[in-house]
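Take a look at the structure below.
Computed from the coordinates by the stated procedures, all read-outs in this text should not be read as laboratory data. Predicted model only: the values in this text are computed from it and were never measured.
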Amino acid sequence: MYRVIPGLVSLNIFLGSLNGNLEPSQNLSHRSYKAPIKVFSTEKPVHLFANLTDIFSIPVATMQYDWFINNVSIISGNDPHLSHNISKPGRYGIKVQLKTGDGVSDCDEFPYNKQLSGTFQTEVEMKGKLTFQAES
């Protein structure tokens, strides 16, 4: 969504696609400060969040999220969160496609009757369990 001349003109224009990003994270007991941000362990699930940054006057209850890993469909539903185990090391492309349902209003509560959609994607690298050998 784009607001033209904020405060002077109350005109909102949807640009045809939803705006936001895909945020991966993982709960680890220890993570090295040297580890790259998008490198995760195969030992625990990766938590994904589709962060929609467009502003609507009411929650978009009918938002559909279609989740993909390496272009393979994982799950569809109305939850912007997904926890998924990726057990093999390697690089993975993760994508979520969003679609609005009916009854969307912009931030000034004007109805918008066209279905909106967007795609957010990221790439993560999965690493196997690290083991350390004691020096003799």
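Tabulated data for the structure shown
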| item | result |
| --- | --- |
| Entries in LYS38/LYS99; LYS44/LYS114; LYS44/LYS95 that, when Cα-Cα distance is taken, lie over 31 Å | LYS44/LYS114 |
| Residues whose placed amide H lies under 5 Å from that of LYS44, excluding near-sequence neighbours | none |
| Other-chain or far-sequence residues with amide H under 5 Å of THR62's (modelled H) | GLY101 |
